[in-house]
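Heads up: the structure comes next, in structure tokens.
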Amino acid sequence: EKPNGCSTVTLFFVLYKDSGSNNPHYHEDNLFYTVDNLFAAGTDTTAVTLRWSLLYMAKFPHIQDRVQEELSRVVGRRQVRIEDRKNLPYTDAVIHETQRLANIAPMALPHTTTKDVTFQGYFIKEGITVVPLLTSVLYDESEWESPYSFNPSHFLDKEGKFTRRAAFMPFLAGRRACVGEGLARMELFLFFTSLLQNFSFSPPPGVSVDDLDLEPVVGLTLAPKPQQLSAVYRH
């Protein structure tokens, strides 16, 4: 049982001590990679997605206007809470569309087969590294009405209510999906809504909307190119 106030790393040490050094799941190498994953997965990916969201808002001001109108109508000036998400369908759709189109981790993380398996007619031996290509799903023309455009309507039904699409899987799917999905979704929602509630984003003076470049920089993730935006306080 997890002690009250016990962090993930502290709990790891408790389990390591209680289980003995022969337990294959609790050892120093495992702890190192766990801590590395917590820091790496919890910072860069969320920050890059947030940068894309602000760039999209500056690029598509009419979408930014709708987000801010919804925030003003539903939340007003008070601090946004995670419970507000269900009452902000358009805003939620914009966040999801940002994740889909930005596609910051197109090849996700490699996985290894634990046994021989046949998948769609292909035989994959045990111990083979498999790299999923998320682009094939997030940009699938049979799943999305306009896969190469920023279109929040992908996540809205005919009544304007938010709807989750089966082909939306930036965190992968199944038992080996990203363990930080819940935290990342919460962070993106709270950061994005707080910024849009208080600021309007646009190209700086002398730069037009057409000048904003949506071509990514290829690295560990697909990040937006360094470029300036103007943030104007709304209140």
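Couple of notes before you dig in:
- Residue match in region 112-134 (condition: part of a helix (DSSP H, G or I), surrounded by 11 or more Cβ atoms within 10 Å (Cβ to Cβ), of a type outside the set (Asp, Glu) and out of contact with any strand residue (DSSP E or B) (no Cβ under 8 Å at 6 or more places or on another chain)): no
- Complete set of residues in region 49-105 that are of a type in the set (Val, Ile, Thr) and modelled with pLDDT under 95: 104
- When residue 166 is tested against (1) crowded, with 17+ Cβ neighbours inside 10 Å; (2) without any contact (Cβ under 8 Å) to a residue 60 or more places away in the chain, just one condition goes unmet, and that condition is (1).
- Of the residues screened, residue 87 is not one that is polar (S, T, N, Q) and under 23 Å from residue 216 (Cα atoms).
- Yes/no for residue 160 being closer than 25 Å to residue 79 by Cα, out of contact with any Leu (no Cβ under 7 Å at 6 or more places or on another chain) and not in a helix (DSSP H, G or I): yes
- Residue, modelled with the highest pLDDT, within region 29-42, restricted to residues that are loosely packed, with under 11 Cβ neighbours inside 10 Å and within 20 Å of the chain's Cα centre (by Cα): 36
- Criterion violated by residue 154 - all others in (1) assigned to a loop (DSSP other than H, G, I, E, B); (2) of a type outside the set (Ser, Thr, Tyr); (3) touching a Lys or Arg at 6+ places or on another chain (Cβ under 7 Å) satisfied: (1)
- Of residues in region 54-88 being basic (Lys, Arg) and out of contact with any Leu (no Cβ under 7 Å at 6 or more places or on another chain), the one nearest to residue 161 (Cα to Cα): 86
- Any hit, region 197-218, residues being farther than 28 Å from residue 77 by Cα, within 15 Å of the chain's Cα centre (by Cα) and not in a loop (DSSP other than H, G, I, E, B): no
- Of the criteria (1) under 27 Å from residue 68 (Cα atoms); (2) out of contact with any Leu (no Cβ under 7 Å at 6 or more places or on another chain); (3) in contact (Cβ under 8 Å) with a residue 60 or more places away in the chain; (4) surrounded by 14 or more Cβ atoms within 10 Å (Cβ to Cβ), which one residue 196 fails: (2)
- Any hit, region 180-189, residues being farther than 30 Å from residue 235 by Cα, surrounded by 12 or more Cβ atoms within 10 Å (Cβ to Cβ) and not polar (S, T, N, Q): yes
The values are calculated or read from the model by the stated rules, or taken from the named source; none is laboratory data. Note that the structure is a prediction, hence the values are computed from the model and not measured. Don't worry about glycine lacking a Cβ; one is built from the backbone with ideal geometry, like all the others, and counts go over all protein chains shown.
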